[in-house]
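Chemist: Quick one: structure below, then a few questions.
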């Protein structure tokens, strides 16, 4: 699944921007997620995947496709998705790419099912990973500033 490959790259790359991004996410979201049970994290991920896909693909992309070519609606909605997830420029870019992928799924499938499932599954994996990192006594992704 492309979203999980992107997550794996983000977590394993030695790129400074990505290491800082992961450290920031673990620092900011980790303590909140670490307090939640795995079931609560799954429910949160499913709710986020459902709500965001209904908004971005179901409302925005579908509406833009009435006035733009479908590929244009996918790109504009993907960019909006990235900006809505702005934590750092790198995160906004990654989220924008993910938004284009999810928009492409919606376009190709003609249904919200595939992007909702892909988004929710990605969030389940990512949220549980961040919670687990935050619970560990030594964070693997602390930014050394190098």
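The values are calculated or read from the model by the stated rules, or taken from the named source; none is laboratory data. No experiment lies behind these values; they were computed from the predicted model shown. Heads up, the Cβs are rebuilt from the backbone with ideal geometry, glycines too, and the neighbour counts pull from every protein chain shown.
Chemist: Check 79, 90 and return the single one that is modelled with pLDDT of 95 or more, within 22 Å of residue 1 (Cα to Cα), touching a helix residue (DSSP H, G or I) at 6+ places or on another chain (Cβ under 7 Å) and surrounded by fewer than 19 Cβ atoms within 10 Å (Cβ to Cβ).
Modeler: Testing whether each residue is modelled with pLDDT of 95 or more, within 22 Å of residue 1 (Cα to Cα), touching a helix residue (DSSP H, G or I) at 6+ places or on another chain (Cβ under 7 Å) and surrounded by fewer than 19 Cβ atoms within 10 Å (Cβ to Cβ) leaves just 79.
Chemist: Counting just the residues of the range 3-19 that are in contact (Cβ under 8 Å) with a residue 24 or more places away in the chain and closer than 17 Å to residue 129 by Cβ, which one comes out surrounded by the fewest Cβ atoms within 10 Å (Cβ to Cβ)?
Modeler: 4
Chemist: Residues to consider are 48, 131; find the one that is surrounded by fewer than 20 Cβ atoms within 10 Å (Cβ to Cβ) and in contact (Cβ under 8 Å) with a residue 12 or more places away in the chain.
Modeler: Testing whether each residue is surrounded by fewer than 20 Cβ atoms within 10 Å (Cβ to Cβ) and in contact (Cβ under 8 Å) with a residue 12 or more places away in the chain leaves just 48.
Chemist: Quick one: how many residues across the range 48-76 are in contact with a helix residue (DSSP H, G or I) (Cβ under 6 Å, 6 or more places away or on another chain) and closer than 23 Å to residue 121 by Cα?
Modeler: So the answer is 9.
Chemist: Say we look at the range 22-43 and pick out the residues that are over 13 Å from the mean Cα position of the chain (by Cα) and within 25 Å of residue 105 (Cβ to Cβ); which of these is surrounded by the fewest Cβ atoms within 10 Å (Cβ to Cβ)?
Modeler: 43
Chemist: Also, quick follow-up: Take the conditions without any contact (Cβ under 8 Å) to a residue 24 or more places away in the chain, under 16 Å from residue 112 (Cα atoms) and surrounded by 15 or more Cβ atoms within 10 Å (Cβ to Cβ) and apply them to residue 64. Does it pass?
Modeler: For residue 64, the condition - without any contact (Cβ under 8 Å) to a residue 24 or more places away in the chain, under 16 Å from residue 112 (Cα atoms) and surrounded by 15 or more Cβ atoms within 10 Å (Cβ to Cβ) - is met.
Chemist: With the structure loaded, tell me whether residue 141 is touching a helix residue (DSSP H, G or I) at 6+ places or on another chain (Cβ under 6 Å), part of a loop (DSSP other than H, G, I, E, B) and either more than 15 Å from residue 61 (Cβ to Cβ) or modelled with pLDDT under 95 (or both) or whether it fails that test.
Modeler: The answer is yes for residue 141.
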